[in-house]
């Protein structure tokens, strides 16, 4: 995956934080607060599930892109960036999923 695209999207999201909610979708979501953002993430996750049940393909890719975008808005709300997630995925690379999950349960 070209992580640069995700970084560029995150930069746009961060840049819209101070924009007018009337002129920016992202600013509108951020202005409405975490509950509104969470509702969008849940909505998009449901659409991913339905697209998968409908056979996947291009529609599934479209819906996953929407979900990723809205999770990036959620990250921005918390002062986090997509690079934080990429770093975590890199940390897990090469680890057994069972070992990684067990390490989280011990904390």
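Values quoted throughout were computed directly from the atomic coordinates according to the rules given, and no laboratory measurement underlies them. Quick caveat, the model's predicted, so the values are computed rather than measured. Neighbour counts run over all protein chains shown; Cβ positions are idealised from the backbone, glycine included.
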Candidate set from segment 55-84 (those that are in contact (Cβ under 8 Å) with a residue 12 or more places away in the chain and over 9 Å from the mean Cα position of the chain (by Cα)); member that is surrounded by the fewest Cβ atoms within 10 Å (Cβ to Cβ): 83
Identify, by number, the condition in (1) assigned to a loop (DSSP other than H, G, I, E, B); (2) within 11 Å of the chain's Cα centre (by Cα) that residue 21 doesn't meet. (2)
Restricting the search to segment 1-35, which residues are surrounded by 14 or more Cβ atoms within 10 Å (Cβ to Cβ) and without any contact (Cβ under 8 Å) to a residue 12 or more places away in the chain? 19, 21, 24, 27, 28, 31
